[in-house]
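Where a number appears in this text, it was derived from the coordinates with a stated rule and is not lab data. Since the structure is predicted, the reported quantities are computational estimates derived from the model, not experimental observations. Using ideal geometry, Cβ is built from the backbone for each residue, glycine included, and neighbour counts are taken over all protein chains shown.
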Amino acid sequence: MSEHGALYRKYRPQEFTEVRDQDHIVKVLEGAIKKGDIPHALLFSGTRGTGKTTLARIFAKAIGTSAFDLYEIDAASNRGIDDIRELKEAVHTSPFESKYKVYIIDEVHMLTKEAFNALLKTLEEPPAHVIFILATTEEEKLLDTILSRCQVFRFRSPSRAVLAETVTDIAKKEGFTLDPDAADLIAIAADGSFRDALGVTQKVILASGDVIGSANEVAAIIGAPRGEILLSLLKALHAGATDQALTALEEAVSLHVDMKLFARLLLENLRAVMLLRHQPAKAETLLANFGPEAKKLLAELAKSSPSPLNSQMLLKLLTATEQITYSPIPHLPLEIAVIEVTAKK
């Protein structure tokens, strides 16, 4: 394991070919460069950790902009009118050694109203040698007048499969093997963020006593439940056994499991059971991300009909999951839902 910086910095893509899951954007940018039709204002919109700033740097490099002529501004820290006024004056000076000066403004939605208006004037008539790349996680907060002056690129959140593949590949480069179940658990916890996925992977590599990362090791690090706790809860819900279901929840709480992640994994399992029951021909695809023990149990539960593991239960637990964030006792919404769905009619 390298001592230099985090994994996401070490393995940050440097070329268009290394960018994962954003082909719809890469193709357009490459096409613009080939045709020499470079937009002077671009907006990169998407959730955190999807590679907006990384792709902005790659684009700047691809059009020949050197480090001297690349400027990165964090709008969360430099959000005032004075900061943008300085930028307005600076854009008129020629590049040091490149054809273009590129300004990457991250979290642009954080600018004050006055700063927005000042930026708008600069975007209306930018000097020919200046390119703006605005990045935001909250596009809806931007003025329509800003959006209308930019070519907008919306980043996809990487799929669970892509995240699992990414962390597996990078762990391998670090001389470490992630079990498939472990990689999938990291992908679920990362919630669509490459940065978060690699952050968890780094913790697993550092904490592991050997060169193989298991699902239980990952679970301990990220606050996920061990597989057997989830399976125990599933069996209890299927049997309508309130006491056993609450006991499984108690065990998760005693192990300081992250309740939002616990609920999400529970929903993943229940969803698989419901879909398996209605689409048995797709069993291989639906169970692809589960370990051997979970696959066997989910397949058995899906064959049972009628079953309390149905869409109504899924809806109740989905509502409970949404309430976890706002509950003073994080596991309380799940406890209430478990009691409701296992109560004898």
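The label point for ALA241 and the one for ALA343, both projected 7 Å from the Cα toward the Cβ, are 2.2 nm apart. Compactness of the chain was expressed as the Cα radius of gyration divided by 2.2 N^0.38 Å, which yields 1.20.
Each distinct pair of alpha carbons in region 238-315 adds a 1/r term; the inverse of their mean, the Kirkwood radius, is 13.4 Å. Across region 190-345, the convex hull enclosing all Cα atoms gives 125 Å³ per residue. Annotation note: chymotrypsin sites (Phe, Trp or Tyr not before Pro) in region 1-108 located in DSSP loop regions with a Cβ neighbour count of at most 15 within 10 Å are PHE96. Annotation: amide H of HIS129 has no partner in the under-5 Å range at sequence separation 5 or more or interchain, hydrogens built in the peptide plane. Restricting the calculation to Cα atoms, region 160-222 shows an Rg/Rh of 0.90 when the hydrodynamic-style radius is the Kirkwood one.
Classify region 1-153 from the C-alpha gyration tensor, please: rounded if a/c falls under 1.5, else prolate or oblate depending on whether a/b exceeds b/c. The shape class here is rounded. Relative contact order of region 111-189: 24 percent, from C-alpha pairs under 8 Å at least 6 residues apart in sequence. Lysines near LYS101 by alpha-carbon distance under 21 Å, same-chain residues fewer than 8 away left out - which ones? Partners found: LYS34, LYS35, LYS52, LYS61, LYS88, LYS121.
Taking amide H as placed 1.01 Å from N in the peptide plane, the amide H of THR177 sits under 5 Å from that of ILE212, GLY213, each at least 5 places away or on another chain.
Of all beta bridges that DSSP places with both ends in the chain, some 0 percent have antiparallel geometry. Helices meeting the span-like rule in the chain (full DSSP H runs, Cα extent of at least 24 Å along the helix axis, mean Kyte-Doolittle score of 0.0 or higher): 259-278. Separation of region 238-312 from region 15-78 is 41 Å, based on Cα centroids.
Any idea how far the Cα center of region 121-138 sits from the one of region 181-210, in Å? Answer, in whole Å: 35.
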